[in-house]
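Enquirer: Shown below is the structure under consideration.
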Amino acid sequence: MSLIEEYEEGEYERPPKRLKTAEVEEGEDLEEGEDSDSASAGVLGDEEEVSGPGTEKRGPWTSAKYASGRRDNGDESHRIAPSPVVHVRGLCESVVEADLVEALEKFGTICYVMMMPFKRQALVEFEGIESADKCVACGASEAVYIAGQQAFFNYSTSKRITRPTNSDNPNSGNKVLLLSIQNPLYPITTEVLYTVCNPIGSVLRIVIFKRNGIQAMVEFESVQSAQKAKAALNGADIYAGCCTLKIEYARPTRLNVIRNDNDSWDYTKPYLARRERGKGRQRQAILGEHPSAYSDNGYGPHCPLLPLPSNNRYKISSHDIPELVAYPLPQTSSYIGHSSSSVAMVSGLHPTKMNCTRIFNLFCLYGNIEKVKFMKSVPGTALVEMGDEYAVDRAITHLNSIKVFGKRLNVCVSKQHAVIPSQVFELEDGTSSYKDFAMTRNNRFTSAGQASKNIIQPPSCVLHFYNVPPCVTEEELQRLCTEHDVPGFIKFKVFDGKPSSKTISGLLEFDTKTHAIEVLTVLNHYQIRIPNGSNPYTLKLCFSTSSHL
């Protein structure tokens, strides 16, 4: 993600896009200040510019005089020098790398493509600067269509797209691909990725890891198969509207798999021993909940995969697609006994600064929250009942091991299948140890349409705020942080909106990711009251897709 942000920052002078709300469904009654123009946790691309019918095209996208990258003010110091790397904007949501190559290879040989699916943008590196000149000039003088939609072009400020492999050869490839799964609303397993990748090229090994979100490495039988898969799948959605693939070449040239399970699989050795999740984790039992509640199939049954588009789009003939190979699974009792749970257990909570509401403020970014209960027998530990086991998996992926108020959280699946309000007591801050959130309007996944607009984003040092009254200033937001004893922000940005909009939205950047987490935990859903207002505005926060302002 940081690589994408590096290319976009400072490349164009433009007002931020007006964002739509993801919190209010069509026809739903609005709280005061909550209108259809406010921003949301799930709007794709905090700073994407709107392009389409009836929209004025600005800057270098519309006139041939900008073919050399001159900005609107004509200042020589603000020229974008010609570059072999072209920045493409205005792409349709369903576009994949193969579509860009098909539309732009007429201008010259393309060395590399970097997709930015959430922002509907891409970077395309040509072999020579002359090819980039042709592309930019053509786009400035006539309409260029990619996957049926007009796209817009300008030079990038970068002279070369940085590859994860750091290869000096722009045409180099690798038979191992690095897949980053963005907005993973549903679990990603080896079975899912095999079903997606194998029809395009024979898959040998898969390894899934969860460092910065969910990523995976997929080893193909040949470099050619990997190239086909990258072109066909880069920018595609595994499921409709979510689980978007961003694909690069990986550094390793071969994967080492020691066991076959949901997170790793060697398809050349189908009978490798499966992982026994309980081993080596017995110490967790001192908290009263044993992580062995994770079964090997703990993700639960996933939704049916969307069928791949027709072969015409992917330029793959029938003889290029190998048959799917069905490897029988070892019939062990641990694999057959599926035991998923929609309850997460959270330990390492600060005894005086964390309560049920603050847990809700943090966990609601990853799924609906039904109930929260602190365990009297285990101080600093709470059970969080979420909408389904997928929400629990997302919370574990993004919140496990983060630091909040100087303590590191441990988030895992509970063996409990529901939170029962027993042994209710008073926490150190005077609030109840149990709270039911099932009916709150602040849950963000209450319908399929609302859920699809939420970007599942790992914690970052930039917060996206929305549903704030227009009269609130930067100083007042800074003072709000001070009054609640949380760190202040170092940068502030407000998005442009309609003059008639009842709310404003924008971004807050903090010194560290931990500071941003603590501010969100405390101030998310804070009630902002204004003079002569009948209802308060509910301040809503989420982690931004931007890494900096």
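Enquirer: Using the beta-carbon distance between A448 and S94 and R0 = 30 Å, what value does 1/(1 + (r/R0)^6) give for FRET efficiency, to the nearest 0.05?
Expert: Working: r = 19 Å, r/R0 = 0.63.
Approximately 0.95, to the nearest 0.05.
Enquirer: Let me ask something else about it. Starting from the Cα of F209, step 7 Å along the direction of its Cβ; do the same at H417; then give the gap between the two resulting points in nm.
Expert: 3.6 nm
Enquirer: Can I ask one more? May I ask which of K513/K540; K210/K435; K373/K491; K134/K498 have a Cα-Cα span longer than 27 Å here?
Expert: Numbers: K513/K540 18 Å; K210/K435 31 Å; K373/K491 36 Å; K134/K498 37 Å.
Check vs 27 Å cut-off fails for K210/K435; K373/K491; K134/K498.
Enquirer: Extending each Cα 7 Å along its Cβ direction at E130 and D429, get the distance between those two points in nm, one decimal.
Expert: 6.6 nm
Enquirer: At a 1.4 Å probe radius, which order do I359, I129 fall into by accessible area, largest first? The partial results should precede the final answer.
Expert: Working: I359 0, I129 65 Å².
The ranking, largest first, comes out as I129, I359.
Enquirer: Calculate one ³J(HN,Hα) per residue across segment 399-414 by plugging θ = phi - 60° into the Karplus curve 6.51 cos²θ - 1.76 cosθ + 1.60, and present them in order as whole Hz with x for glycine and proline.
Expert: 10, 5, 6, 6, 9, 9, 6, x, 10, 8, 6, 10, 10, 8, 6, 8
Enquirer: For D511 paired with E483, estimate the spin-label separation in nm (one decimal), with each label point 7 Å from Cα along the Cα-to-Cβ line.
Expert: It works out to 2.3 nm between the two label points.
Enquirer: In nm, what is the difference between 0.36 nm times the number of residues separating I258 and D436 and their Cα-Cα distance?
Expert: On the way: separation 178, 0.36 × 178 = 64.08 nm, distance 4.34 nm.
Difference between extended and current length: 59.7 nm.
Enquirer: Hey, another quick one. Summing Lys, Arg as +1 and Asp, Glu as -1, what charge do residues with Cβ under 13 Å from the Cβ of L204 carry, L204 excluded? Before the final figure, lay out the partial values.
Expert: Numbers: positive: K175, R205, R254, K269; negative: E219, E221, D266.
The answer is +1.
Enquirer: Let me ask something additional. Can you work out the Karplus-derived ³J(HN,Hα) for every residue in segment 257-264? Use 6.51 cos²θ - 1.76 cosθ + 1.60 with θ = phi - 60°, whole Hz, and x for glycine or proline.
Expert: 10, 9, 8, 9, 7, 5, 9, 7
Enquirer: Let me ask another. Send over the Kirkwood Rh of segment 388-513, from the inverse of the averaged 1/r over different Cα pairs, rounded to one decimal Å. Intermediate values should be presented prior to the final figure.
Expert: Values: mean 1/r = 0.0553 Å⁻¹.
With all distinct Cα pairs of segment 388-513 included, I get 18.1 Å.
Enquirer: Another question, if that's okay. Could you pull out every residue, at least 5 positions away or on a different chain, whose amide H is within less than 5 Å of the one on I504? Hs are placed 1.01 Å off N in the peptide plane, and Pro or chain starts have none.
Expert: Those qualifying (amide H under 5 Å, at least 5 residues apart or on another chain) are N467, V468.
Enquirer: Would you mind checking K415/K493; K403/K453; K246/K493; K371/K453; K246/K269; K159/K493 for any pair whose Cα atoms are more than 32 angstrom apart?
Expert: Values: K415/K493 43 Å; K403/K453 27 Å; K246/K493 28 Å; K371/K453 23 Å; K246/K269 28 Å; K159/K493 29 Å.
From the list (K415/K493; K403/K453; K246/K493; K371/K453; K246/K269; K159/K493), the Cα-Cα distance tops 32 Å for K415/K493.
The values are calculated or read from the model by the stated rules, or taken from the named source; none is laboratory data. Worth saying up front: this structure is predicted, and the values here are computed from it rather than measured. FYI the Cβ positions are ideal-geometry reconstructions off the backbone, even for glycines, and counts take in every protein chain you see. Note: areas computed on protein heavy atoms with side chains; ligands, DNA, RNA excluded. Shrake-Rupley method; radii C 1.70, N 1.55, O 1.52, S 1.80 Å.
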